[in-house]
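Here is the structure we will look at, set down as structure tokens.
The values are calculated or read from the model by the stated rules, or taken from the named source; none is laboratory data. Keep in mind that this is a model prediction, so the values were computed, not measured. Here the Cβ positions follow ideal geometry from the backbone for every residue, glycine too, while neighbour counts run over all protein chains shown. Areas reflect the complete protein model, heavy atoms only, side chains present, ligands, DNA and RNA absent. Shrake-Rupley method; radii C 1.70, N 1.55, O 1.52, S 1.80 Å.
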Amino acid sequence: MSSDVVASFLPDGASEVQYTKDKADFRNYADSKLQDRVSRTYEVQHTQMTYTYAQEKLKHFTTHGINMEMTIWEACEMLNAIVDESDPDVDTPQIHHLLQTAEAIRRAYPGEEWDWFHLTGLIHDLGKLLALPQVGLPQWAVVGDTFPVGCKFVEENVFSEFFAANPDNSDPRYNTVNGVYEPGCGLDKVTMSWGHDEYMYQVCLRNKATLPVQALYMIRFHSFYPWHRYGAYTHLLNDQDRDMLKWVLEFNKYDLYSKEDVAVDVATLKEYYTKLAHKYFPEKVKF
């Protein structure tokens, strides 16, 4: 990760988030109204997401992308066609979640000095373009919590019981604590389960986005709940990962707790976010 680091502190009084429902009701993987759909998505993902599969997808999409070129706002509009089948909290098109997250951050962190944070909220899930029919990836290879592959699956992953049928679970190269990695190697050297986080991070690099390193961590690891929520995989971290954790956690509050099944007035927000995107990205972005 090569972008500059912005101020290494979080401002006092800027971290309040307005919960859209009781905090305990978020990430309900036991008996939500969407339980069957969510469970099926994770079952397929956890049985088929192997180290080899993730490496192949990383190589392919880093090299070729999805062969689309458009503005950031046009990409957001394309997410009108996608409902995340791994999410137990909302059943609305993804563009509303993007704007809910961005606007929650904007309320807590007003001012131009934080506009990179607003934009990060808007774009963090744009990697879900991978789930468009014209791209062809199944949702299990795009959405959901992420986790390292190439080392032992841990119980801090949601639906961890489904890993029992994953071929890597019985492969001695990949089923030990460290697997193919050296302790303390850093997350940048770890292959994560393939999905929208890593893909959008690669889009930022390919287009030479000028976002700070905090934003890149938020984009790349916001779905890595086993780490940032449950404290797993700490043996793989380096000093930068540990320092960036507070920023990923800060982002997570607005990503998770702003979710609600209420449509956003998209038209009123278009001008602000279109101009903001052009500040940090080329006008036309290669996806």
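Might you let me know whether region 181-195 holds any residue that is among the β-branched types (Val, Ile, Thr) and touching a residue at least 40 places away in the same chain (Cβ under 8 Å)? Show your work before the answer.
Looking only at region 181-195, we keep the residues that are among the β-branched types (Val, Ile, Thr), and these are 190-191.
After this cut, where a residue has to be touching a residue at least 40 places away in the same chain (Cβ under 8 Å) as well, the list is 190-191.
Yes, region 181-195 has at least one match.
Based on what the data block shows, is Asn80 assigned to a helix (DSSP H, G or I), under 30 Å from Tyr109 (Cα atoms), at pLDDT below 95 and open to solvent by 20 Å² or more (accessible area, probe 1.4 Å)?
Details: assigned to a helix (DSSP H, G or I): yes; under 30 Å from Tyr109 (Cα atoms): yes; at pLDDT below 95: yes; open to solvent by 20 Å² or more (accessible area, probe 1.4 Å): yes.
Yes.
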Condition met for Ile123 (under 18 Å from the mean Cα position of the chain (by Cα), over 20 Å from Phe221 (Cβ atoms) and of a type in the set (Val, Ile, Thr)): no
Name the residue, out of Tyr217, Tyr225, Tyr174, that is more than 22 Å from Arg37 (Cα to Cα), within 17 Å of the chain's Cα centre (by Cα) and among the hydroxyl-bearing types (Ser, Thr, Tyr). Tyr217
Regarding region 62-74, can at least one residue be identified that is modelled with pLDDT of 95 or more and in contact with a Cys (Cβ under 9 Å, 6 or more places away or on another chain)? no
Among the candidates Val203, Val180, residue that is touching a Gly at 6+ places or on another chain (Cβ under 8 Å), modelled with pLDDT of 95 or more, β-branched (Val, Ile, Thr) and part of a helix (DSSP H, G or I): Val203
For residues that are touching a helix residue (DSSP H, G or I) at 6+ places or on another chain (Cβ under 9 Å) and more than 30 Å from Met68 (Cα to Cα), tally how many sit in region 171-208. 14
Looking at region 142-159, is at least one residue assigned to a helix (DSSP H, G or I) and not acidic (Asp, Glu)? no
Does any residue in region 49-68 that is within 15 Å of Lys286 (Cα to Cα) come within less than 9 Å, Cβ to Cβ, of a residue that is hydroxyl-bearing (Ser, Thr, Tyr) and buried (at least 19 other Cβ atoms within 10 Å of the Cβ) six or more places away or on a different chain, and which pairs are these? Phe61/Tyr199; Thr62/Tyr199; Gly65/Tyr199; Ile66/Tyr199
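Taking Ser160 as the residue in question, decide whether it is modelled with pLDDT of 95 or more and under 23 Å from the mean Cα position of the chain (by Cα). It would help to see each step written out before you state the result.
On the way: modelled with pLDDT of 95 or more: yes; under 23 Å from the mean Cα position of the chain (by Cα): yes.
Taking the combined requirement at face value, the residue satisfies it.
Being at pLDDT 95 or above, outside any helix (DSSP H, G or I) and open to solvent by 20 Å² or more (accessible area, probe 1.4 Å), is that true of even one residue in region 92-101? Full working, then the answer.
Step one: list which residues in region 92-101 are at pLDDT 95 or above, which gives none.
No, every residue in region 92-101 fails to be at pLDDT 95 or above, outside any helix (DSSP H, G or I) and open to solvent by 20 Å² or more (accessible area, probe 1.4 Å).
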Of the conditions (1) open to solvent by 10 Å² or more (accessible area, probe 1.4 Å); (2) in contact (Cβ under 8 Å) with a residue 24 or more places away in the chain; (3) in a helix (DSSP H, G or I), Lys275 satisfies every one except a single condition; which number is it? (2)
Given the conditions (1) open to solvent by 10 Å² or more (accessible area, probe 1.4 Å); (2) within 24 Å of Arg37 (Cα to Cα); (3) small (Gly, Ala, Ser), every one holds for Ser193 apart from (1)
For Asp115, state whether it is open to solvent by less than 30 Å² (accessible area, probe 1.4 Å), touching a residue at least 60 places away in the same chain (Cβ under 8 Å) and either touching a Gly at 6+ places or on another chain (Cβ under 6 Å) or over 15 Å from Tyr225 (Cα atoms) (or both). yes
